[in-house]
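Trainee: Structure provided below as structure tokens; questions to follow.
Any read-out appearing in this document is the output of simple, stated calculations on the displayed coordinates, not a laboratory observation. These numbers were taken from a predicted model, which means no experiment stands behind them. A quick note on method: Cβ atoms are made from the backbone with ideal geometry, for glycine too, and the neighbour counts reach across all protein chains shown.
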Amino acid sequence: MWLNSFIILVLAVMFWRKLSEPLQDKNNEVAFLNTSSLVRRHGYPVETHEVTTADGYRLTLHRIPGGGRPVLLLHGFLQSSASFLLGDPGHSLGYILADAGFDVWLGNWRGNFYSQKHSNKFISRQEFWNFSWHEMGVHDLPAFIDKILHETGRPQLSLVGFSMGAAAFLVLASQKPQYNDKVSASVWVAPAAFLQHTSTSFMGYFFTGAQALQSVLATAYGHDPSGTSMKTAAHYGQSVQSGRFRQYDYGPGNMLHYGQSQPPDYDLARITAPVSIFYGGADTVTHPQDVENLYSKLVGSKSRNLHLLKNYTHLDFTCGMDAHRRLYPRIVSILNTH
């Protein structure tokens, strides 16, 4: 299982590099700027904060400070905080939210190149990489939320999660339901939870954007893939195989970890935070049937809404030519409403 997930990661990098060769511009310095430099390049203020999780991982939060309500953006599989900032201010969600007056925070999950530190584990050791998106949900995300609320003095924040970023919130809100009350609004974009009908491997995750802006893809070449663990890829492989949204399957080790032969499903009825979901009719990673199945299980949410963008594929939500017209203004409106 670990070998197969390693092969998936290696092939993902190889295919992404090969796909992006025609788009590469060796003189495109923007493609190789870090998140802070990307933000400063467009004249916005930027801060870098470090948070330490309960299990010792030291993670980076980037911030575009503003006077309004805080909003936390959570990236997807093999991405980073830069994924919301790859276009110009008129086309990138991070800048659009900043211009709308929000205090914008951008998370970096454990294992990406902004979050590769630990209090007592070395990055060169396998034990550092013993995590999946389950740990991102139960450890990383509460550390992000608590840090932001402490820094801003606010009782609540809004949250926007893309793909794995949305899945991590599902994990948190079901495993630690007290965090539902800390989120005034959650927007899930192409949430990668149930994957029964996925028809693309996670190598295809990077090149399913039928309408993607070439300028954005050229910049993304310098930022993605940003790194994660083999166990994260394996956990998604299990989701595709089982068709269920549940904790990591340790096989014979399940009895030791969970006291039962099968890993437990996440109890989505425990999620009470307001939810708005955007999904694509042409998305082969988070298939419409799987997203609709997820939506049907959110019976405890205070309010829930489902929005279909008929011709959108997976990466169109972050790199689409018209996302700044069709998607991002609707996200801003939802966050303002709550």
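Trainee: Sequence-distant or interchain residues sharing an amide H contact under 5 Å with His118, placed H: which?
Mentor: Arg58
Trainee: Next up: Over 28 Å between Cα atoms: which of Lys231/Lys302; Lys121/Lys147; Lys231/Lys310; Lys121/Lys231; Lys117/Lys302; Lys121/Lys297 fall into that group?
Mentor: Working: Lys231/Lys302 33 Å; Lys121/Lys147 22 Å; Lys231/Lys310 32 Å; Lys121/Lys231 17 Å; Lys117/Lys302 37 Å; Lys121/Lys297 38 Å.
Beyond 28 Å: Lys231/Lys302; Lys231/Lys310; Lys117/Lys302; Lys121/Lys297.
Trainee: How do Thr52, Thr198 line up, fewest other C-beta atoms within 10 Å first? Each step should come with its number before you reach the end.
Mentor: Details: Thr52 14, Thr198 21.
Arranged by neighbour count, lowest to highest, Thr52, Thr198 become Thr52, Thr198.
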